[in-house]
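Take a look at the structure below.
The values are calculated or read from the model by the stated rules, or taken from the named source; none is laboratory data. Given the structure is predicted, the values throughout are model-derived calculations rather than measurements. Heads up, the Cβs are rebuilt from the backbone with ideal geometry, glycines too, and the neighbour counts pull from every protein chain shown. The area values use the complete protein model at the heavy-atom level, side chains included, leaving out ligands, DNA and RNA. Shrake-Rupley method; radii C 1.70, N 1.55, O 1.52, S 1.80 Å.
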Amino acid sequence: MKKVLLFVVGVLSLTACNQKGGNSELMLAQQADSLNRIIAQKDNEINDMLGTMNDIEEGFRAINAAEERVSVARQGEGASAKERIQENMTFIQQTMQQNRELISKLRNQLRQSSVKGDQLRRTLESLTQQLEEKDAQLKALQAELQAKNIQIEELTEQVTGLSENVSNLKEETHEKSQTISAQDKQLHTAWFVFGTKKELKEQRIIEDGEVLRSNFNEDYFTKIDIRVDKEIKLYSRSAKLLTDHPASSYRLEQDANKQYVLRIENPSKFWSTSKYLVILVK
């Protein structure tokens, strides 16, 4: 009877291990699918924002060309020259309005997007700066035309409104840039810890043979920027990673004192499975 009971217990234990392994494989597959969806979403968002940026740059090129036509027309005389100036100034005003709307659209795209970064923020600031500089140029051009009795009533009203909108846009851009900077920093933050088995158990990082199961001491971890911190000295001649990270993304090497150093060669790949790193040392 005892032999039968021992056999049943052994079968149940083997089944539980197989189920655990299957759940682990399913979890990894689900994480991979989730990462692929995130990558596809980011690609679409980036393409949309690049399209908006191209439209804005094209608008500025058209404005510059129209300003050159105004300069040429001012050298002429008579009603024909005045008509050409008025037509081009009206075109400039309309294109400036379009660029203002496109910059506002880009700001909203960036605010709602999951893609955050300093480069996108700097691009938005640069476009806003160009809009502000062009507004100043148009004011100077308007003053020159008025001195020559070339009156364009619509331009006066639109430039005033444009000046107010640019001021509001600068304030909003500053606020959004601070938010983007914070989000970007969070996106590239990770945590690591190394210690003996006893130390990790005391901090509940290892509990019942499992790593980071629940209620572990997060304050025991060290926070790093994954773009900067790519080498972690472990000060031990024995080291083993307890959290899952792709093997091809890192190397464990010994220094001159035979102590291990973790070198992360592909940070985005290394941290793709977990933003927490646990290393067992002796």
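For an R0 of 25 angstrom, estimate the FRET efficiency from the Cβ-Cβ distance between residue 105 and residue 69 and round to the nearest 0.05. Walk me through the numbers on the way to the answer.
On the way: r = 28 Å, r/R0 = 1.10.
Efficiency, rounded to the nearest 0.05: 0.35.
So if each residue of separation counts as 0.36 nm, and I subtract the Cα-Cα distance between residue 94 and residue 215, what length gain in nm does that give? Write out the running numbers ahead of the final one.
On the way: separation 121, 0.36 × 121 = 43.56 nm, distance 5.95 nm.
So the chain would gain 37.6 nm between residue 94 and residue 215.
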Descending accessible area (1.4 Å probe), largest on the left, turns 202, 67 into 202, 67
For a quick protection proxy, order the peptides 243-249, 137-143 by their average other-Cβ count within 10 Å, most packed first.
137-143, 243-249
Got a number for the accessible area of residue 122? Probe 1.4 Å, square angstrom, nearest 10.
110
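Subtract the Cα-Cα distance of residue 275 and residue 247 from 0.36 nm times their separation in residues, and report this length gain in nm to one decimal. Provide the component values of the computation, followed by the final result.
Values: separation 28, 0.36 × 28 = 10.08 nm, distance 1.55 nm.
Separation in residues times 0.36 nm, less the Cα-Cα distance, equals 8.5 nm.
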Extension gain, residue 26 back to residue 233 (0.36 nm per residue minus Cα-Cα distance, nm)
71.2 nm
Could you compute how much accessible surface residue 223 exposes when probed at 1.4 Å, giving the result in Å² to the nearest 10?
130
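Which order do you get for 268, 126, 236 if you rank them by accessible area with a 1.4 Å probe, largest at the top?
Details: 268 90, 126 55, 236 5 Å².
Ranked from most to least accessible, the order is 268, 126, 236.
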Area of residue 27 that stays accessible when all protein chains are in place (1.4 Å probe, Å², to 10):
110
Take the residue pairs 105/134; 240/275; 105/275; 82/170; 139/170; 197/269 and return only those whose Cα atoms are more than 29 Å apart.
105/275; 82/170
If you roll a 1.4 angstrom probe over the protein chains with everything in place, what fraction of the accessible area of the range 205-251 belongs to carbon and sulfur, to the nearest %?
40
